[in-house]
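Structure below; questions to follow.
Values quoted throughout were computed directly from the atomic coordinates according to the rules given, and no laboratory measurement underlies them. Bear in mind the structure is a predicted one, so any value in this text is a computation, not a measurement. Cβ sites come from the backbone with ideal geometry, for glycine too, and all protein chains shown count toward neighbours.
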Amino acid sequence: MRIINLLPKPRQQELRYAALLHSLWQAVGWSFFGFILVFLAQFGAKFYLQLQNQLIASQITQLQQQVNKQENAQLKAQVKAANDIISDYSNLAAAAPNWSRVIKAFAPLPPPGVKINNFGINTSAKSINISGIAPTRELVILLYNNILADKADFYNIDYPLENIAQPVNNNFHFTFYIQDRLLKPQ
C-alpha cells in the first residue's frame with residue numbers, strides 16, 4: 001500500500017520542517033538531560049572523593065600519631081639504655097682509682113737490673129706490695145731509698161731485713177702506701 005500525500009507542496013515542506021524542528025528539540029532536550037546527568041554524576045563523584053580524601057587523611061594522621069608514639073617509646077628506651085650505660089661507666093670511672101698514674105710514678109724507681117715479679121695494689125688500704133729479685137744487696141737498698149725519697153707519690157715503706165740478708169740474688173718484698181693525689185681523677 002502506498003500513501004499519497006495530497007497536501008500542497010508548501011504545506012508538506014512546512015510539516016517536514018516542523019518534524020525536523022521537533023527532532024532537533026528532542027535532541028537538544030536529551031543532550032541537556034544527559035549534560036545534567038553527567039554534571040550531577042561528576043558533582044557526586046567529587047563530593048564522594050573529597051569525603052574519602054578527608055577520611056584517609058584522618059586515618060593517616062592517626063597512624064602517624066600511633067607510629068610516632070611507638071617510635072618515641074622505642075627511641076626513649078634506646079636513649080635511656082645508652083644513658084644508663086654512660087652513667088654506669090661514669091660512676092665506675094669516678095669510683096675506680098687511676099692506677100696508670102700510680103704505675104707511671106713507680107716505673108722510674110727500680111734501678112737497672114732489679115726485676116719486679118709481683119706488683120699488687122690493695123684498693124681499700126691504698127697500698128702496694130712488690131716483690132722481685134735483685135742481683136745485689138746494694139740494688140735492693142737503692143730501690144728502697146728511691147721509694148723512700150719519692151714522698152710526693154709514696155709513703156710509709158716497710159724495710160724487712162730479710163731483703164738484704166744475702167749479698168747476691170736477693171729476693172725482696174716491700175709494702176708501701178700511695179698518696180691520695182695519685183688516685184684522684186685528672
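Collect the residues in segment 1-42 that are among the polar types (S, T, N, Q) and surrounded by 10 or more Cβ atoms within 10 Å (Cβ to Cβ), keeping them in residue-number order.
Once the filter is applied, which keeps residues that are among the polar types (S, T, N, Q) and surrounded by 10 or more Cβ atoms within 10 Å (Cβ to Cβ), segment 1-42 yields Q12, Q13, S23, Q26, S31, Q42.
Let me ask another. Does segment 95-105 include one or more residues that are in contact with a helix residue (DSSP H, G or I) (Cβ under 9 Å, 6 or more places away or on another chain), at positive phi, touching a residue at least 24 places away in the same chain (Cβ under 8 Å) and surrounded by 10 or more Cβ atoms within 10 Å (Cβ to Cβ)?
No, there is no match, as no residue in segment 95-105 is in contact with a helix residue (DSSP H, G or I) (Cβ under 9 Å, 6 or more places away or on another chain), at positive phi, touching a residue at least 24 places away in the same chain (Cβ under 8 Å) and surrounded by 10 or more Cβ atoms within 10 Å (Cβ to Cβ).
Okay, moving on. Being among the hydroxyl-bearing types (S, T, Y) and under 49 Å from the mean Cα position of the chain (by Cα) narrows it down to one of T136, T175, so name that one.
T175
Please tell me if Y89 is surrounded by fewer than 16 Cβ atoms within 10 Å (Cβ to Cβ), hydroxyl-bearing (S, T, Y) and free of Cβ contacts under 8 Å to residues at least 12 places away in the same chain.
Yes, satisfied.
A follow-up question, please. Out of the residues in segment 140-165 meeting the condition of being among the polar types (S, T, N, Q) and more than 51 Å from the chain's Cα centre (by Cα), tell me which one is surrounded by the most Cβ atoms within 10 Å (Cβ to Cβ).
N163
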